[in-house]
Amino acid sequence: MELRQLEHFVTVAEERHFTRAAELLRISQSGLSASIRSLEQELGTSLFIRSTRRVELTAAGQALLADSVRTLASAAAARDAVAAVRGLVRGRLTIGAEPCLGSVDLPAELAAFRTANPGVEVRLRYSGSEELVDEVAGGRADVALVVDTGHTPAGVHLRPLSTQQMLVLCHPEHPFAAERSIPLEALRGEPLVGFQDGWGAQALSRRAFAAAGFDYRAAMEVNDVHPLLDLVGYNLGVAVVPESFARKRPDALRAVRLQDAPVWTVAVAVAEQPSPAASAFLAQLDPVALAPATASS
């Protein structure tokens, strides 16, 4: 069993598609298929259930996947450590981020990092904070920019960057718009516009509502800030969001202070022993921790 075969296997498992995996790996589809067949023959079992549109992992494939990810991560860390001794930062930096965190200009940070570290391949994926923290824990991401929701698996360290208060965002004609502040209890039974499960605002709101004795139930769920603002703008519900979201449309929507509001803390999730590339990115982000929260797109 070779590392190259494990890389092929993991890429197919993640993409659930041989053609896309071959394109990412920059090899022919026939070469990729031959590599997987060779691995299956060596292990004496099928790793994938193949169909015309996509592939799925068999039980054996699922068992192999986690160990393969850890093995590849360990091999990459060993190569990076040798490069670091030579004064080089090389390898791959896989970054996850929840969109619109309100304190980090991630495209600018990635551009600066790539300029300073041309030997590092950078990969980026957006998702909800809790899923991204799990990816760092599982070795599928090196660094994640997330909202601290209290979900911190073993092996993951959160480094805070900035904090801001959460508030209620509503249409100018909504009754809340005439108030300077409202209690959390006022949201009981109110139609809510929110994010999908595991996103920062959703997780923090759910926890705050539970502490107040009622359930958080969003009538409309989105996975991006701008659709949320659109829905609130049509008076289809109110949203519990950080202050930076309200600054995106100050003339169209009303921000109302929320009593006993959750605190929105942006943090960097990283493994307890980060790779040289991850350490270089963290060092670059250090000044961000001193900067005030800003409204980013």
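Quick look at the numbers
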| quantity | calculated |
| --- | --- |
| Separation in nanometres of the label points that stand 7 Å from Cα toward Cβ, at ARG247 and SER46 | 5.6 nm |
| Percent of beta bridges antiparallel (DSSP, the stretch 1-141, rounded to nearest 5) | 30 percent |
| Added length on full extension, which subtracts the Cα-Cα distance from 0.36 nm per residue, PHE214 to GLU14 | 68.2 nm |
| Sequence-distant residues sharing a close amide H with VAL222 (under 5 Å, placed H) | GLY194, PHE195, GLN196 |
| Extension reserve of the ALA59-ALA154 stretch, reckoned as 0.36 nm per residue once the Cα distance is removed | 31.6 nm |
| Alpha-carbon centroid distance for the pair the stretch 16-42 / the stretch 201-246, whole angstrom | 43 Å |
| Mean Cβ count within 10 Å, highest first, over the residues of peptides 22-29, 261-268 | 261-268, 22-29 |
| Computed over the chain: relative contact order in percent, which uses C-alpha pairs under 8 Å that are six or more apart | 22 percent |
| FRET efficiency estimate (nearest 0.05) - Cβ-Cβ, SER38 to SER181, R0 51 angstrom | 0.20 |
| Cleavage-rule hits (GluC sites (Glu not before Pro)) in the stretch 158-217: DSSP loop, at most 10 neighbouring Cβ within 10 angstrom | GLU173 |
| DSSP-defined antiparallel bridges as percent of all bridges, the chain, nearest 5 | 60 percent |
| The stretch 138-231: relative contact order in percent, alpha carbon pairs under 8 Å with at least 6 residues between | 25 percent |
| The stretch 163-263 - share of DSSP beta bridges that are antiparallel (%, nearest 5) | 60 percent |
| Principal axes of the chain: Cα extent on each, largest first, Å | 69, 46, 31 |
| Estimated [θ] at 222 nm from DSSP helical runs (n ≥ 4, -39500 (n - 2.57)) normalised by residues in the chain, nearest 500 | -12500 deg cm²/dmol |
| Over the stretch 186-297, relative contact order from alpha-carbon pairs under 8 Å, at least 6 apart, % | 27 percent |
| Extension reserve of the LEU3-GLN259 stretch, reckoned as 0.36 nm per residue once the Cα distance is removed | 86.7 nm |
| Principal-axis tilt of helix 29-43 within the chain, Cα atoms, nearest 10 degrees | 80 degrees |
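Here, each number is a calculation from the coordinates, and none is a lab measurement. Everything numeric in this text was worked out from a predicted model, so none of it was measured. Ideal geometry is used to build each Cβ from the backbone, glycine not excepted, and the neighbour counts take in all protein chains shown.
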